[in-house]
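**Q** Dropping the structure in here first, questions after.
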Amino acid sequence: MSDRPDLPADTPTDLWIDGHALPSVSGARFDVADPATGGVLTSVADAGVADASKALDSAVAAQSRWAATPPRRRSEILYRAWELVVEHTDELALLMTLEMGKPLAEARGEVAYGGEFLRWFAEEAVRIGGRTTTAPSGNGRILVTKEPVGPCLAVTPWNFPLAMGTRKIGPALAAGCTVIVKPAEDTPLTMLLLARLFRDAGLPDGVLSVLPTLDSAGVIGALMADSRLAKISFTGSTQVGRILLGQAAHHVMKASMELGGNAPFIVFDDADIDAAVEGALAAKMRNGGQACTAANRFLVHNAVRERFTAALADRMDALRVGAGREDGTEVGPLINERQRSRIAALVDDAVASGAVVRTGGKAIAGDGWFYAPTVLDHLPTDSDILAEEIFGPVAVITGFDTEDEAVAAANDTPYGLAAYFYTRDLDRTLRVSAALNAGMVGVNRGIISDPAAPFGGVKESGLGSEGGSEGIAEYLTTKYIALTA
Ligand code: NAD
């Protein structure tokens with residue numbers, strides 16, 4: 001099979017182990033699809049357990065040297081990698097658009113956002129502190145130091161093929177840890193190109209490996225069973241997160257989990273409704289709705305509900321849906337047919353039980369996995385679509401009358417990742433921010449992600465934070481040294 005002509009000729013498609021592009025031990029490869037056409041883009045090497053073992057051997061061999069590399073040098077390599085990511089914006093964005101489907105403008109935005117984690121953690125690498133105090137009894141000193149955890153495994157989803165990797169690789173390398181990345185099978189190309197950029201930035205062999213595989217369970221299971229692996233950082237579904245936490249328990253391995261969400265987006269009756277509609281569009285439609293932070297349930301005060309719903313439906317209806325690489329595209333395809341069928345079934349079920357379609361409500365015929373931007377109103381409170389993470393371009397709206405009712409509905413989910421609300425009342429801002437059971441709250445804004453802020457969830461949305469000064473702590477252990485003097 002020959003590669004698609006618009007795929008750059010030097011796109012890396014082999015495994016990346018110990019500083020080298022390698023075929024898999026078995027020689028197996030698997031196809032990577034273009035969700036805008038459903039056709040094959042190229043194939044990549046398919047890692048097996050033997051390849052995982054080679055990658056871990058190299059990560060273990062490189063670990064002590066990397067940990068002993070001066071923080072300033074680690075910082076410089078991360079900084080250079082950031083510069084290279086920015087310099088290669090066009091190639092990285094094109095690969096993301098081709099393998100994941102997002103519009104080119106959004107893909108370029110992800111290069112800037114994803115790259116920023118490398119710059120942020122380049123700055124954090126030289127600020128890893130500790131502390132010393134005199135023991136309260138006066139009997140000696142308490143010295144506290146921070147040390148790298150050791151070799152880490154980073155498992156990433158397909159929705160942000162670059163940023164979900166850099167937000168783990170950045171802090172791990174800054175802390176002095178080696179990393180093996182297992183990218184999502186739908187989107188391995190971007191991460192393989194990033195590994196090459198890291199080599200060009202001067203990262204020593206073995207410090208970063210990338211293992212695309214169709215056998216996630218087998219490859220990750222083998223790595224998790226090896227006591228030389230010190231940490232797992234996972235971003236993906238709660239269902240898979242639970243399996244990995246179970247495996248981590250065996251060696252009592254340090255684990256960070258960025259899992260699913262079911263974000264409420266509350267519009268109070270004192271909100272600036274035009275601003276709320278713009279914020280809703282951003283919170284719902286970033287990445288075509290395929291974001292863990294995507295607004296999943298719109299809770300709108302009944303006094304402003306019709307105005308908000310009509311305006312949102314108009315804006316959703318006007319969005320231009322198409323292949324991500326075409327000029328002017330605002331919404332790309334869903335990642336694959338399985339996701340599209342799942343979303344179609346959720347919408348059909350809601351409509352069958354009484355929801356009203358204000359716009360969209362159907363898959364778009366033709367090649368690729370497109371689904372029309374959709375607004376549903378008048379949902380029965382027991383609809384499955386209110387309880388499940390939609391992960392697509394579908395906004396579902398329910399009404400409320402009191403603040404308590406809105407907060408109770410917002411918190412009525414096992415998830416607790418992001419939450420949003422619009423109000424002009426400062427007292428309410430503080431009260432509702434405190435009352436929402438979520439790791440992140442957006443007030444009068446629909447986009448909250450920022451490499452300088454701690455990203456993470458509560459309840460079944462995860463453990464730990466990525467980004468901010470909190471992000472590097474996930475890759476460090478604390479040591480207490482008792483001194484007599
Ligand atoms: P997923 O859980 O299916 O897959 C995530 C990763 O886990 C992939 O690399 C996949 O190959 C791997 N995997 C799948 N089954 C596995 C198994 N049995 N053992 C080991 N690894 C396995 O999730 P997805 O569909 O790729 O991504 C969407 C999910 O990710 C959504 O739930 C979304 O909310 C979540 N997500 C969370 C965040 C966050 O920061 N909280 C960010 C982005 C996405």
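**Q** I need the fraction of alpha carbon pairs in region 134-245 separated by more than 20 Å, rounded to a whole percent.
**A** 45 percent
**Q** Give me ARG305, ARG127 sorted ascending by neighbouring Cβ count inside 10 Å, so fewest comes first.
**A** Least to most surrounded, the residues fall as ARG127, ARG305.
**Q** Local charge sum around ARG342 (other residues, Cβ-Cβ under 15 Å, Lys/Arg +1, Asp/Glu -1)?
**A** Details: positive: ARG338, ARG340, LYS362; negative: ASP186, GLU337, ASP348, ASP349, ASP384, GLU388, GLU389.
Net of charged neighbours comes to -4.
**Q** Where does each of HIS250, HIS301, HIS20 land when they are ranked from fewest to most other beta-carbon atoms within 10 angstrom? Kindly include the intermediate steps, with their values, before the conclusion.
**A** Numbers: HIS250 10, HIS301 22, HIS20 13.
Listing HIS250, HIS301, HIS20 from fewest to most nearby Cβ atoms yields HIS250, HIS20, HIS301.
**Q** Only four residue types carry charge here, +1 at the Cβ of Lys and Arg and -1 at the Cβ of Asp and Glu. Report the dipole size of the chain about the Cα centre in Debye, rounded to the nearest 20.
**A** 1800 debye
**Q** How much FRET efficiency would the formula 1/(1 + (r/R0)^6) give for ARG4 and THR134, where r is the Cβ-Cβ distance and R0 is 56 Å, rounded to 0.05?
**A** Computed FRET efficiency for ARG4 and THR134 comes out at 0.25.
**Q** Using the Cβ atoms and a cut-off under 12 Å, what net charge is assigned to the surroundings of GLY27, where Lys and Arg are +1 and Asp and Glu are -1?
**A** Numbers: positive: ARG29; negative: ASP14, ASP46, ASP51.
Summing Lys and Arg as +1 and Asp and Glu as -1 gives -2.
**Q** Once fully extended, how much extra length lies between ALA452 and ASP367, figured as 0.36 nm per residue of separation less the alpha-carbon to alpha-carbon distance?
**A** Length difference between fully extended and current span is 26.7 nm.
**Q** Translational diffusion coefficient, Stokes-Einstein: compute it for region 263-450 using the Kirkwood radius over C-alpha pairs as Rh, at 4 °C and 1.567 mPa s, and state it as an integer in µm² s⁻¹.
**A** On the way: Rh = 16.4 Å.
Result for D is 79 µm²/s.
**Q** Where the only charges are on Cβ atoms (+1 Lys, Arg; -1 Asp, Glu), what is the dipole of region 209-287 about its Cα centre, to the nearest 20 debye?
**A** Around 660 debye, computed over region 209-287.
**Q** What FRET efficiency would be calculated for the residue pair VAL351, ASP90, taking the C-beta separation as r and a Förster radius of 51 Å, to the nearest 0.05?
**A** 0.75
**Q** Post the alpha-carbon centroid distance, region 440-460 to region 367-411, in whole angstrom.
**A** A separation of 20 Å, based on Cα centres.
**Q** First measure r as the distance between the Cβ atoms of ASN444 and ALA249, then evaluate 1/(1 + (r/R0)^6) with R0 = 56 Å and state the FRET efficiency to the nearest 0.05. Walk me through the intermediate numbers first.
**A** Values: r = 41 Å, r/R0 = 0.73.
Efficiency at R0 = 56 Å is approximately 0.85.
**Q** For the chain, how big is the tail of P(r) above 30 Å, as a whole percent of Cα pairs? Please list the in-between numbers first.
**A** Working: 55610 of 117370 pairs.
So the pairs more than 30 Å apart make up 47 percent of the total in the chain.
**Q** Let me ask something else about it. Project the alpha carbons of region 35-93 onto their principal axes and report the range along each, largest first, in whole Å.
**A** Principal-axis extents of the Cα atoms in region 35-93, largest first: 48, 35, 11 Å.
**Q** Please give every one of the aspartates and glutamates within straight-line cross-link reach of LYS459, meaning a C-alpha to C-alpha distance under 12 Å, and leave out same-chain neighbours fewer than 8 residues apart.
**A** Straight-distance partners of LYS459: GLU258, ASP412.
**Q** Let me ask something else about it. Sequence gap at least 6, Cα distance under 8 Å: using those rules, report the relative contact order of the chain to the nearest whole percent.
**A** Value for the chain: 18 percent.
**Q** What is the fewest-to-most order of GLU83, GLU389 by other Cβ atoms lying within 10 Å of their Cβ? Don't skip to the end; give the middle numbers.
**A** Working: GLU83 16, GLU389 20.
Lowest to highest Cβ neighbour count: GLU83, GLU389.
**Q** Return, ordered by residue number, the residues of region 131-156 whose backbone nitrogen is under 18 Å from a label point located 7 Å along Cα→Cβ of LEU483.
**A** Counting backbone N atoms under 18 Å from the label point, the list is 131-147.
**Q** From the alpha carbon gyration tensor of region 353-476, can you work out the equivalent ellipsoid semi-axes (sqrt of 5 times each eigenvalue) and give them in Å, largest to smallest?
**A** One finds semi-axes of 29, 22, 14 Å for region 353-476.
**Q** Now for a different question. Looking at region 1-82, which trypsin sites (Lys or Arg not before Pro) are DSSP coil and have at most 10 other C-beta atoms within 10 Å of their C-beta?
**A** The qualifying sites: there are none.
Values quoted throughout were computed directly from the atomic coordinates according to the rules given, and no laboratory measurement underlies them. Predicted model, so just to flag it, every value in this text is computed and none were measured. Neighbour counts are summed over all protein chains in view; Cβ atoms, including those assigned to glycine, are modelled from backbone coordinates with ideal geometry.
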